[in-house]
Amino acid sequence: MIASLPMYDRPETRAAWNTLWSAATKEYRRRQKTARQTLPDLPDALSWDANEADHWLRDDLVLSQTCSLPYRTRLHGKVTYLGTFDFGLPGCAPGYYASVLVMRRDDMRHDPQNWPSLTLAYNAPDSQSGWAAPYFHLEARGLAFSNGVETGAHSASAKAVAEGQADIAAIDAQTFRLLRRYEPLMDRLVEIGQTDPTPGLPLITRPGWDASTFWASLSQAIRDMPGADRATLDLNGVTACRVERYTELPVPPPPEAVFA
């Protein structure tokens with residue numbers, strides 16, 4: 001069995017995520033014993049080295065976190081949606097997030113009319129926050145990016161802009177919060193706007209598993225988290241979005257088609 005929470009992993013946050021998982025498994029086993037039920041056991045620890053694309057579809061998946069774009073294009077119908085973490089992000093409903101648009105402090109081209117001539121740093125072509133959100137943000141204004149560089153991670157996109165290899169990037173708002181907290185290079189960047197909020201990163205499990213006891217255990221563990229760990233993760237709780245909130249979002253064209 002495997003459980004993984006890969007999306008907001010950092011050296012500074014990993015211990016708090018591990019503490020949460022330990023508390024969730026303890027609560028799950030307590031409930032299992034109290035109910036005298038025979039339930040599938042859980043892995044003792046989160047996996048931090050699992051390949052995302054591989055483990056999302058494993059038939060022994062207990063828990064993982066995916067981006068909403070691959071969820072609606074590749075995973076919907078093949079995994080079970082459990083819920084969404086609520087990070088209490090400004091301007092977002094519980095369980096929702098947005099992308100923060102950033103540029104270098106000395107770059108004054110903040111008007112979207114300028115952006116088609118800029119180089120966009122995006123983490124991956126299947127990223128809701130890094131690619132789909134900025135694409136549709138500009139499309140709504142009748143515009144499109146014409147240049148881009150794929151970086152592989154939001155942190156790498158921020159670095160590319162800070163160091164002048166790109167001009168603008170769209171950073172997952174919770175990742176942006178963590179980068180501002182821990183990465184000195186963020187002092188070189190300025191927030192110039194946000195995209196429209198969309199449902200946050202889906203928590204998923206394998207299909208066919210009644211995960212109700214597990215989900216109740218995880219929810220209780222979050223409520224019981226020590227204040228310091230909760231602050232480290234910025235975790236308010238968990239919420240359940242309607243699956244349609246994810247699947248009804250439009251799918252952007254691939255970057256190579258836009259930049260051609």
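Values quoted throughout were computed directly from the atomic coordinates according to the rules given, and no laboratory measurement underlies them. This one's a predicted model, so the numbers in the text were calculated from it and none came from an experiment. FYI the Cβ positions are ideal-geometry reconstructions off the backbone, even for glycines, and counts take in every protein chain you see.
If I take R0 = 30 Å and measure r between the Cβ atoms of A153 and I2 in this structure, what FRET efficiency does the formula 1/(1 + (r/R0)^6) give, to the nearest 0.05? Write out the running numbers ahead of the final one.
Numbers: r = 22 Å, r/R0 = 0.73.
Rounded to the nearest 0.05, the efficiency is 0.85.
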Can you give me the C-alpha center-to-center distance between the range 192-258 and the range 1-71, rounded to a whole angstrom? 14
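Could you line up L57, L249, L235, L201 from fewest to most neighbouring Cβ atoms inside 10 Å?
Details: L57 15, L249 18, L235 21, L201 24.
Lowest count first: L57, L249, L235, L201.
Across the chain, where is the longest run that never hits trypsin sites (Lys or Arg not before Pro) in a DSSP loop with at most 16 other C-beta atoms within 10 Å?
Values: sites that count: R36, R58, K78, R105, R109, R141, R242.
For trypsin sites (Lys or Arg not before Pro) (loop position, at most 16 other Cβ atoms within 10 Å), the longest site-free span of the chain is 142-241.
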To two decimal places, what compactness ratio does the range 99-196 give when its Cα radius of gyration is scaled by 2.2 N^0.38 Å? 0.94
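Between K33 and E248, what is the FRET efficiency for a Förster distance of 41 Å, r being their Cβ-Cβ separation, to the nearest 0.05?
Efficiency for this residue pair is about 0.50.
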What's the longest uninterrupted piece of the chain once you rule out the GluC sites (Glu not before Pro) that are loop residues per DSSP with at most 13 other Cβ within 10 Å? 13-162
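Can you quote the Å³ per residue value for the convex hull of the Cα atoms in the range 116-260, rounded to an integer?
Values: hull volume 19.4 nm³, N = 145.
It is 134 Å³ per residue.
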Based only on other Cβ atoms within 10 Å, what is the fewest-to-most ordering of T232, T175, T239, T34? T34, T239, T232, T175
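When Lys and Arg each count +1 and Asp and Glu each count -1, what net charge do the other residues less than 14 Å away from D224, Cβ to Cβ, add up to?
Working: positive: K26, R30, R31, R223, R230; negative: E27, D229.
With Lys, Arg at +1 and Asp, Glu at -1, the neighbours total +3.
Could you give the length gained on full extension between H110 and T213, defined as 0.36 nm per residue of separation minus the Cα-Cα distance, in nm? Each step should come with its number before you reach the end.
Details: separation 103, 0.36 × 103 = 37.08 nm, distance 4.84 nm.
Extra length from H110 to T213 when fully extended: 32.2 nm.
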Could you work out how far the C-alpha centroid of the range 121-173 sits from that of the range 87-115, in angstrom? 11
Count charges around E12 for me, please; just the other residues with Cβ under 11 Å from its Cβ, Lys/Arg as +1, Asp/Glu as -1. +1
May I ask you to list the chymotrypsin sites (Phe, Trp or Tyr not before Pro) in the range 1-64 that are in a DSSP loop and have at most 12 other Cβ atoms within 10 Å of their Cβ? W48
Alpha carbons only, please: Rg and Dmax for the chain, in angstrom. 19.0, 64
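Between N18 and N236, what length comes free when the chain is fully extended (0.36 nm per residue of separation minus the Cα-Cα distance, one decimal in nm)?
On the way: separation 218, 0.36 × 218 = 78.48 nm, distance 1.69 nm.
Working it through step by step, the gained length comes to 76.8 nm.
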If you average the sequence gap of Cα pairs under 8 Å that are 6 or more apart and divide by the length of the chain, what percent do you get for the contact order? 31
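Taking neighbour counts of Cβ atoms within 10 Å as a proxy for exposure, in what order, fewest first, do M1, M103 appear? Before the final figure, lay out the partial values.
Details: M1 15, M103 24.
Starting with the residue having the fewest Cβ neighbours, the order is M1, M103.
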Per the helix-only model, the chain has a calculated mean residue ellipticity at 222 nm (DSSP H runs of ≥4, -39500 (n - 2.57) each, divided over all residues, rounded to the nearest 500) of -9000 deg cm²/dmol
